[in-house]
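Asks: Below is one structure. I have some questions about it.
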Amino acid sequence: MRLSQMHLRTLREVPNEAEIPSHVLLLRSGMIRKQVSGVYGFMNMGWRSVRKIEQIVREEMDASGAQEICMSAIQPAELWEESGRWNAYGPELWRIKDRNGRDFCLGPTHEEVFTDLIRNDISSYRQMPLMLYQIQTKYRDEARPRFGLIRSREFIMKDCYSFDTDAEGLDRSYGLMYDAYTRIFQRCGLDCRPVEADTGAIGGSNSHEFTALSEIGESEIAYCDKCGMAATTERAACVDAPAQEETEPLPLEKVYTPGTKTIEEVADYLKLDTTQTIKALLFVTYDGEGRENGYTAAFVRGDRELNMTKLVNALGIAEHQIEFADEEKMGAATGCVGGFTGPIGLHDCTVVVDSELPGLKNLCAGACEEDHHFINVNYGRDYTGDIVTDLKTLKEGDPCPVCGAPVRHTRGIEVGQIFKLGTKYSESMNARYVDENQQEKPVVMGCYGIGVTRTLAAVVEQHHDEDGIIWPVSVAPYHVIVTLVKPADETQTAVAEQIYAELQQAGVETLLDDRRERPGVKFKDADLMGIPVRITVGKLAGEGKVEYKLRREKDRRELTVQDAIAEAVGLINAERRGQ
Ligand code: ATP
Ligand code: MG
C-alpha cells in the first residue's frame, strides 16, 4: 500500500476525552474514528489489526475443534424472557422494537440464541460434544463507555458455546478453551494471566477471566506468589478472622458518642481498634422492572471493605438492582440513622452479615440513635442476620485463602472470560437430549468470550512508548514501512520501489511512504503507527545502502538493499504467527 494513496489522517493533538495510551494512540494514528460516545469506526490500518486478531482467534478455535457459524445480532425478546434475562440484564441490554411493536434486542451475548439453536437440532447424546463459535459485533449500552475500545457500546466479540452430555464432558471442553485462550493471547503478544472470576449475570459455577496486565485495567487481581492463587478481587474468598471462642461476652451497653459518624471517629472516641467495630452499609434494592422492592443493610468488621459482587450474589440479584440508600428515607422505613446504624434496632430490611462477625465478641456498633453506639455487641445474643456469608474484599497483605501467605494485588484488562454454565440455560429453555439408556437429560453447557476489539486496545496498552504504538508482528497492520526520504529523487525512488516490490513478492505486508512530506513528519508517523520494521531510503541509496530499524529497538543499521530485504523477510516470517 502506498501511503500517498491511503485514506489516512493522523492527528497531532491528543483528543480531549482520551485518557489512556491505547485510546490516544489509536485515535492519533488514525486507526479508529469516533462516531458517538462508545461507538467507533475502524480505518484501514485499525481494521487490518482487528482482522489479524480475529484470524488468530479463528485458527485456535478451529484447532480446538470448535466450528465457526454466524448468528444474527438481532434477537427476539421471547428468548430472553424464557431464560429470565429480559428483566435481569437491565439497561445495558440494547432494546429495540420493530414496526409492529415487537420487542427485540441487539445481542450483548448469545447464550439464548445458541441454546435455542441446539434445542431444535440436538436430540441424542451421539451429537455431542459440540462447540460452536462466531466472531461478531455485540451491543451493550454501557453506563459509562470509556477508554475507547476497552469499554465501548459496540464491539467485536468472539463467543463460543460448548454442548456436552455431562460434567466431565464440560470439563474437557472448558480445558480445550482454556488452552486455546492461553495460545491466542500469547500469539497476540499479550502478557496475560488467567484468574478465577465471578460468574456475574451470565450465571453458572466456574469461571476464569484472562486479564492482560496493565495499570489502567479495570479488573483488580489478587494473587499469591507462594501457591499461585490468582482471582479477581470480586471473586477472591477471604479468610475470616479467628473466632474468639475464649472471650466472654460482656453486657450490652449503650454509650454516648457525639458526632462520631465514621468508623474511624467512633473508634478514636472510644479508644478502640477499628477491628473491634461493625460497619453498616445501607442499600435500596429493585425488582426486575426497576421498582423499589426493599432495603438491605450489610455489616462487615469496621476495617473491612464490603465486596459488592459478593453482596449481590448473596441477595441473588444483578448489580443494577441495588444502590446506596437515601438514609433519611430508609430511616423512616427501617429505623436506621445515618452514621449511627447498627444491627440492633433495625426492622423491615434484609440483614446481611459478614461470615466472620458471628465469631467475634464484644464489638461496637451504631445504636440506630443519633450520637449513640452500643458496645459489647455479640452475634446471636444481640442480633442475627437473614444471610451470613463472606462479604469482604480481599485486600493486599491479607492472608491468601488457599495457603495463608500475604496476597498481592495487580490490575489487568479482562480480554476474555470462560464460564461453566452447566444446565442453567438448558433447564430454563428446555434443551434436552436422550442418553444411551433412553433417559432425557439437560444439555451441559459452557460459554467462552473474547473481546476482539478490546484485545486490540490491550495490545497497544502493553506495546507502546511516548512516540507511538509498537505492534507485535502478529497483529501489526503492516509489517514493514519503506520510508522514501525524497520522492523527487529518482535514485531514491527507484530503490524504494524495488524494495517495496520485492517485499510484497515475499509475502511481507509493506507500506511505501511516498508522500511529499518532510522526512521528520514521515518518521514521526511511522513511529506513531508502530510498524515493526522501517527501511529508510535516503542519501545512501546511490551506493545501494539503506537504513534498517526495528520499531521496538533504538538501534539503526546501514545495510545493503539485499541484506535489508533478507533481514525483514526473515524476521517477519519468524514472528508473523506470534511467538
Ligand atoms: P466487563 O466486566 O468488562 O464489563 P463482561 O464480564 O461483562 O465485561 P463478558 O460478558 O464476559 O464481559 O464478555 C466477553 C468479553 O467481551 C470480555 O471478556 C471483554 O473482553 C469483551 N467485552 C465485554 N464488554 C465489552 C465492552 N463494553 N467493550 C469492549 N469489549 C467488551
Ligand atoms: Mg467477563
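Asks: For segment 1-142, compute the orientation-averaged projected area of the C-alpha convex hull (one quarter of its surface), in nm².
Replies: Mean projected area for segment 1-142: 12.8 nm², to one decimal.
Asks: Okay, moving on. Here are some pairs, Lys34/Lys97; Lys392/Lys420; Lys34/Lys539; Lys279/Lys329; Lys138/Lys424; which of them have Cα atoms lying more than 31 Å apart in this structure?
Replies: Over 31 Å Cα-Cα: Lys34/Lys539.
Asks: Follow-up question, since we're still on this one. So if the hydrodynamic radius of segment 253-389 is defined as the Kirkwood radius over C-alpha pairs, what does Stokes-Einstein give as its diffusion coefficient at 20 °C and 1.002 mPa s, in µm² per second? Don't skip to the end; give the middle numbers.
Replies: Working: Rh = 14.9 Å.
So the translational diffusion coefficient is about 144 µm²/s.
Asks: Amide H neighbours of Trp94 under 5 Å, at least 5 residues apart or on other chains, H built in the peptide plane: list them.
Replies: Leu106, Asp141
Asks: Quick one: 3J(HN,Hα) in Hz for segment 270-285, Karplus 6.51/-1.76/1.60 with θ = phi - 60°, rounded, Gly and Pro as x.
Replies: 9, 6, 10, 7, 4, 5, 9, 10, 10, 9, 10, 10, 10, 9, 10, 10
Asks: Here's a follow-up. For a footprinting-style exposure proxy, rank Arg577, Arg119 by other Cβ within 10 Å, fewest first.
Replies: The fewest-first ordering by Cβ neighbours comes to Arg577, Arg119.
Asks: Give me the percent of DSSP beta bridges within segment 478-577 that run antiparallel, rounded to the nearest 5.
Replies: If I count the DSSP bridges inside segment 478-577, around 50 percent turn out antiparallel.
Asks: Quick query: amide H of Thr257 versus all other amide H atoms, modeled in the peptide plane; which residues come in under 5 Å with a sequence gap of 5 or more or a different chain?
Replies: Those lying under 5 Å, H to H, from Thr257 are His372, His373.
Asks: Same structure again: Any idea what the alpha-carbon Rg over 2.2 N^0.38 Å comes to for the chain? It would help to have the intermediate numbers written out before the result.
Replies: Values: Rg = 29.1 Å, N = 579, 2.2 N^0.38 = 24.7 Å.
That ratio works out to 1.18.
Asks: Give, in nm to one decimal, the length gained when the segment between Arg12 and Asp273 is fully stretched (0.36 nm per residue of separation minus the Cα-Cα distance).
Replies: That pair, Arg12 and Asp273, stretches by 88.5 nm at full extension.
Asks: From the backbone phi of segment 62-76, what are the Karplus-calculated ³J(HN,Hα) couplings (6.51 cos²θ - 1.76 cosθ + 1.60, θ = phi - 60°) in whole Hz, Gly and Pro given as x?
Replies: Listing the rounded values in order: 4, 5, 7, x, 7, 10, 7, 9, 8, 9, 6, 6, 8, 10, x Hz.
Asks: On to the next question. Can you list the cysteines of the chain that have no other Cys Cβ under 4.7 Å away?
Replies: By the Cβ distance rule, which asks for a partner under 4.7 Å, the isolated cysteines are Cys70, Cys105, Cys160, Cys188, Cys192, Cys238, Cys336, Cys349, Cys364, Cys368, Cys447.
Asks: Another question, if that's okay. In terms of the ratio Rg/(2.2 N^0.38 Å) built on C-alpha atoms, what value belongs to segment 478-577?
Replies: 0.96
Asks: About its Cα centre, how strong a charge dipole does the chain have in debye, to the nearest 20, once Lys and Arg get +1 and Asp and Glu get -1 at the Cβ?
Replies: 2480 debye
Asks: Positive end of the dipole of the chain, charges at C-beta (+1 Lys, Arg; -1 Asp, Glu), about the Cα centre: which of Thr137, Val352, Leu27 has its Cα farthest in that direction?
Replies: The residue sitting farthest along the positive end of the dipole is Leu27.
Asks: Could I ask something else about it? Provide the packing ranking of 568-576, 323-331, 296-304, 11-19, i.e. peptides ordered by the mean count of other C-beta atoms within 10 Å per residue, highest first.
Replies: Packing proxy ranking, top to bottom: 296-304, 568-576, 323-331, 11-19.
Asks: Can you compute 3J(HN,Hα) from phi for each residue in segment 572-579, using the Karplus curve 6.51 cos²θ - 1.76 cosθ + 1.60 with θ = phi - 60°, rounded to whole Hz and x for Gly and Pro?
Replies: Once θ is set to phi - 60°, the couplings for segment 572-579 become 5, 5, 6, 10, 5, 7, x, 9 Hz.
Asks: Near the amide H of Val39, under 5 Å away, which other amide H atoms are found, from residues 5 or more places off or on another chain, if H is placed in the peptide plane?
Replies: Amide H to amide H, under 5 Å and 5 or more residues apart or across chains, Val39 pairs with Arg153.
Asks: Where a Cα-Cα gap under 20 Å defines reach, which aspartates and glutamates qualify for Lys554, not counting those fewer than 8 residues away within the same chain?
Replies: Within the straight-line limit of under 20 Å, Lys554 reaches these aspartates and glutamates: Glu461, Asp465, Glu466, Asp467, Asp525, Asp527, Asp563, Glu567, Glu575.
Asks: Say R0 is 35 Å: what FRET efficiency, to the nearest 0.05, do Asn437 and Ile96 get from their beta-carbon distance?
Replies: 0.20
Asks: Also, quick follow-up: Under a point-charge model restricted to the Cβ atoms of Lys and Arg (+1) and Asp and Glu (-1), what is the dipole moment magnitude of segment 253-389 relative to its Cα centre, in debye to the nearest 20? Mind showing how you got there, number by number?
Replies: Working: 11 positive and 23 negative charges, 91 e Å.
Dipole size: approximately 440 debye.
Asks: Quote to one decimal, in nm, the extra length available between Arg577 and Asp348 on full extension: 0.36 nm per residue of separation minus the C-alpha distance between them.
Replies: Details: separation 229, 0.36 × 229 = 82.44 nm, distance 6.11 nm.
Fully extending the segment from Arg577 to Asp348 adds 76.3 nm.
Laboratory data are not the source of any read-out in this text; all were calculated from the coordinates shown. Please read all numbers here as calculations on a predicted model, not as lab measurements. Backbone-built Cβ (ideal geometry, glycine too); neighbour counts: all protein chains shown.
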